[in-house]
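Comments concern the structure below.
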Amino acid sequence: MIAAPVDGLRVRRGTHAIIFAIAFITSTGTFTGIGVAREVGASVPVVLPMVMLVLVALLSCTAEVNRERRGDFALMRLRGWSSLRITAAVLAEPALSLTGGCVAGLVAGVGMLPFLARAWLPDGTSASVGVWPFAAVLVELALVAAAMAAQVVPVLRRPMTEQISATERPREAGVVSTFGFVLVFFGSVVGVYQAWADPGANWVVHATSCLLGLAAGMLAPWLVRGAGAWQGAGRRDAVAPHLAASRILRSSGVGQPLMVLVAAATVSCVALGGVLIVNQWAGDAGRIANGAPVFMRYQGTPQQALDATRAADPDGQWALAGATVFDDDRPESRRVYLDTSRYEDVVGGFLDTTAAREGSHAVDELRETSQGLPERPVMSNGRWTMRVAVNESFTRLAELTFRLNYVGDRGADVAFIEIAVPPGQSRTKSVRITGCDDRCLIRSLDVEEGRPCAQVTKDLCGRPKLTLDQVEAGGVDLTSQPWVLEGAAPGAAGAGPDATDAVAESGTLNLIPGRLEVRPARRGQSTLMPPTELLALPVLAAGEVDWGQTPEVKTPGGDHRPAELVGTYAALPVAGAGGVLADLATALSDSSPAVPAAQALILARDDIPADVMSALAAAGAEEPVMPDEQSSNISAAAGTAGVQVGWVVAVCSLMVGLLTSLVYIARLRRAHAQEEAVLRLLLVPTPTRAAANRREVWTLAFASAVVTCAAGYLAVVALLTRAELVDVPANQPALESPIGSTSLLTAIALVTLGCTLAVIAGGFLARHVRHDEASPASLREGTVTP
Amino acid sequence: MNAQNAGASSISSNTLTMEGVGLDVHGVMLLDDVSMRFEAGRMTAVSGPSGSGKTTLLSVAGGLLKPTRGTASLGSTLTWQGTGDPPPQVAFVLQVYGLVPVLSARENVALALRARGVSLDEAEEHADEALGRFDLTHVGARQVEELSGGQMQRVALSRALVVQAPVVLADEPTSELDEGNRDRVLSELRREADLGRTVVIATHDPVIVQACDVHHALDEGRVTTFEETLAATRQARGTLP
């Protein structure tokens, strides 16, 4: 019972070795792929295209075995064997090689899984051998067995005359194969539509990649024939081109080896493209998060980091200081401050390949804007003196409180002056200003009149008109400074000397040379502030920042300042795809001491001199962090380990495609040896025969390259750009699959090159026969040609 | 057509001679001390049961196989050229046809001429003529794998005769043919012989044997019979059509 299949394995050992290898590779790939994918909770259907491909590949191989056994089957039928017995005989032989390959593949998979897990899974995660991978391989085996059983039908039903004929003649495509063709084309169209209609359906993307590849592979013979017609057109007078064109145009099996190969290439393009895109994304995200080739946390305040970089690198060539304050994941709560004056020298084009390219370039604009801010008066320790006059028409004693808000050595500080002024008179008061040893910047001046108006009497209760003709604080004459009323509409609050319109809600303010005229707001208090252009902190923004009614940003010390939005970009250095970026020096100039959440940092070039590095380390810089480390962290957060299974799918699919081609190559080689012998019998010169072979192979290679590249490109455009490959963490750049991206083009180019080289190698292998193999004497007796 | 002229130029050098030819393959003796002379202008039949060595004999005679012992020569030139390719003076009709499956019947025939340097137009014109000799003009454009066995056999004959080689070695050239076509084939081969060519036919068909001028019988690689046939007698009398 077992002897006949074993004999068959021995006789057809070449084909069965290929079936064994395909089964081995597929089992290993499926087992490890599903094992890794399940461990990281990734999409299991990532191995689906490989399984589909293998189904077709193994069917092609077993069909080839059946073709070789055509005569055996004819004998079985002539001997009157029952259909069941013939079926068993047909299936037993490939089943042995198939099962052997699967078992060996499972063993290899169990052995390889820990290694792959170690390479791809986040640290500390190990892949356990579960039931699922075994089940998947068994299902795969069952599918192949069922499909093989279906192949018995033509064996039993093929006309006996054809089965016993010494000459195998080309057959028209049957109903089943035609239906299969239609199904593949229709399935690929529906799959592409579904992928676009429902981008989240990853299994559709995976399955369609194989269908699309098979559809392209089915078109390959037509393309090959077209290329053959083109290369042979008008060349009938030359023997070599004519022979090559005839072989390409008329051989029944021409392009057949390309079908599975093209399908495998397409699956590989999508799988490999996915892996490369995700890896590139993680790499880019790591670069963006790092901000520069070297990232160092700094043990100290942002100001100290700024001072340290300026001390260690006075020329600003190697390092810049920065700070991050990430309160939460909302973009407006993620603030990054960098010393933009050094950005170009230190960071330069480091982020040019990333999504932060434009944001990085905009830092220069941010620097210019920050440096172009008007100078604000700097207050020092001393006295704050106020002389206030109240208008005569005011009917009561004005009980006034003035509050001077400033930022100094202690951060935000405030000084008070309380003064009561009778109508028509003036009073002067002075207090001491402290905390301005270094310098202070005035934030605002609150003017409060003791009694707020009730809503019902608001039109009756007057507000005093205050004339401040002497306001000097720490050496700064505040009457000569520009002021605006907080909350007043721009230009409506008496911002100029001629402005007289009373805006009761926010009060009024007249700026008259040498004095300020203020009428406090109904609520009792008005706040005089420097104009926004003086206070504003220029920022770059990334992501959907919720600015509220007026753009506002916090300093490293948590002080609110109006934000001047320089531009919004897809991503910004260090901040990523969500956050704001401001100049550190500008932000610190008007900031309270940094909040505890502020993380000072230093960015540096990777060629930073050792002495500069040592100086920074001595000043408090921690261990350097490289972009790769950031990438690893982001990859772990995004769960990219599951995508790495794409490597398994890509490599296994390509190997399956190549192995399947080998099955055909063996047959083509036999046919070519006979044809070569005939040509030698006819005295066709060796150079002519060689030229014909070369032309044929190059035409096949050309067609293969075109169809592989086109199918890969189409699959990537139609499918990969619609797949959700990873869960992008908050505020990381979006994972996009632009077809022009280097990763995708690289994947397509690599796969196309590999397939083309394989076709060239296989083509010449099939046509390279030993001199004695193709001897005319070999035609004496034996297989009838054709 | 230079090849044809060259082939017919020297009838005296067209005699194919085998002297003491022996051939051993893997210790098995396929031919043993075979000496024969295939005269130009005559049809020679080589007969014998299956496995007697007929095809092997033609292969050695035509230069496809190197004899282990003895020589096969055409005129004064050995047919074995050291490569396994036949000399240009020899045309084969193979038992297995030996057609190029991807070419049409006409292209198969024309290819034999084009391999000898004949231009495309001329080759196709002669190919059509050659196919016409075997009533195959109507299938000239068809790919040979679409033809029946008998048609393929006649295409192989057309191809062998179109080059007008001085020596034609035909291995079972009528095995797939009906009586009418067999007669046509014999008639065409006779025409070749009458043109001074050496025609050798390996066959086990007695009718073919009777139609030839000379008959060698082989058994287990040895010559067992040599006879002038009735055809030779009738030809001598001038009564053979």
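The values are calculated or read from the model by the stated rules, or taken from the named source; none is laboratory data. Nothing here was measured: the structure is a model prediction, and the numbers come from that model. Counting neighbours? That spans all protein chains shown, and the Cβs are built from the backbone with ideal geometry, glycine included.
For the range A:649-665, the criterion of being more than 30 Å from residue A:284 (Cβ to Cβ), within 14 Å of chain B (Cβ to nearest Cβ) and out of contact with any Asp or Glu (no Cβ under 8 Å at 6 or more places or on another chain) is met by none of the residues. Pairs linking a residue in the range A:678-690 that is more than 7 Å from chain B (Cβ to nearest Cβ) to a residue that is among the hydroxyl-bearing types (Ser, Thr, Tyr), with Cβ atoms under 6 Å and 6 or more positions apart or on different chains, do not occur. Are any residues in the range B:127-179 in contact with a helix residue (DSSP H, G or I) (Cβ under 6 Å, 6 or more places away or on another chain), over 20 Å from residue A:682 (Cβ atoms) and either among the charged types (D, E, K, R) or assigned by TED's automatic domain parsing to the domain that holds residue B:61 (or both), and if so, which ones? Result: B:174, B:176, B:177.
Remark: residue A:467 matches the filter, which requires a residue to be surrounded by fewer than 21 Cβ atoms within 10 Å (Cβ to Cβ) and either at pLDDT 75 or above or more than 24 Å from residue A:561 (Cα to Cα) (or both). Restricting A:218, A:259 to those that are away from chain B (no Cβ under 14 Å), buried (at least 23 other Cβ atoms within 10 Å of the Cβ) and within 28 Å of residue A:663 (Cβ to Cβ) reduces the list to A:259. Reported count of residues in the range B:142-157, each being charged (D, E, K, R) and part of a loop (DSSP other than H, G, I, E, B), is 1.
In the range B:202-225, what residues are over 19 Å from residue B:30 (Cα atoms) and in a strand (DSSP E or B)? Selection gives B:214, B:215. Residues that are touching a residue at least 40 places away in the same chain (Cβ under 8 Å) and farther than 22 Å from residue A:7 by Cβ do not occur anywhere in the range A:61-68. Checking the stated criteria, residue A:71 turns out not to satisfy the condition of being surrounded by fewer than 18 Cβ atoms within 10 Å (Cβ to Cβ), small (Gly, Ala, Ser) and outside any helix (DSSP H, G or I). Working only within the range A:251-306, note down all residues that are under 18 Å from the mean Cα position of the chain (by Cα) and not in a helix (DSSP H, G or I). A:291 - this is the single residue of the range A:251-306 that is under 18 Å from the mean Cα position of the chain (by Cα) and not in a helix (DSSP H, G or I). In the range A:31-43, is there at least one residue being of a type in the set (Asp, Glu) and touching a helix residue (DSSP H, G or I) at 6+ places or on another chain (Cβ under 7 Å)? Yes, the conditions are met somewhere in the range A:31-43. The single condition from (1) more than 14 Å from chain B (Cβ to nearest Cβ); (2) touching a strand residue (DSSP E or B) at 6+ places or on another chain (Cβ under 9 Å); (3) hydrophobic (A, V, I, L, M, F, W, C) that residue A:719 fails is (2). When residues in the range A:687-712 are screened for being within 19 Å of the chain's Cα centre (by Cα) and at pLDDT below 90, 0 of them pass. Considering the range B:158-185 alone, what residues qualify as being assigned to a loop (DSSP other than H, G, I, E, B) and either away from chain A (no Cβ under 13 Å) or within 22 Å of residue B:72 (Cβ to Cβ) (or both)? Residues satisfying the conditions are B:163, B:164, B:165, B:166, B:172, B:173, B:174, B:177, B:178.
Only one of these conditions is not met by residue A:772: (1) under 22 Å from the mean Cα position of the chain (by Cα); (2) of a type outside the set (Ser, Thr, Tyr); (3) within 14 Å of chain B (Cβ to nearest Cβ). Which number is it? Looking at each condition in turn, residue A:772 falls short on (1).
If you scan the range A:666-675, which residues turn out to be aliphatic (A, V, I, L, M), touching a helix residue (DSSP H, G or I) at 6+ places or on another chain (Cβ under 8 Å) and within 14 Å of chain B (Cβ to nearest Cβ)?
Step one: list which residues in the range A:666-675 are aliphatic (A, V, I, L, M), which gives A:666, A:668, A:671, A:673.
The next check asks that each one be touching a helix residue (DSSP H, G or I) at 6+ places or on another chain (Cβ under 8 Å); those that pass are A:666, A:668, A:673.
A:668, A:673, listed by residue number.
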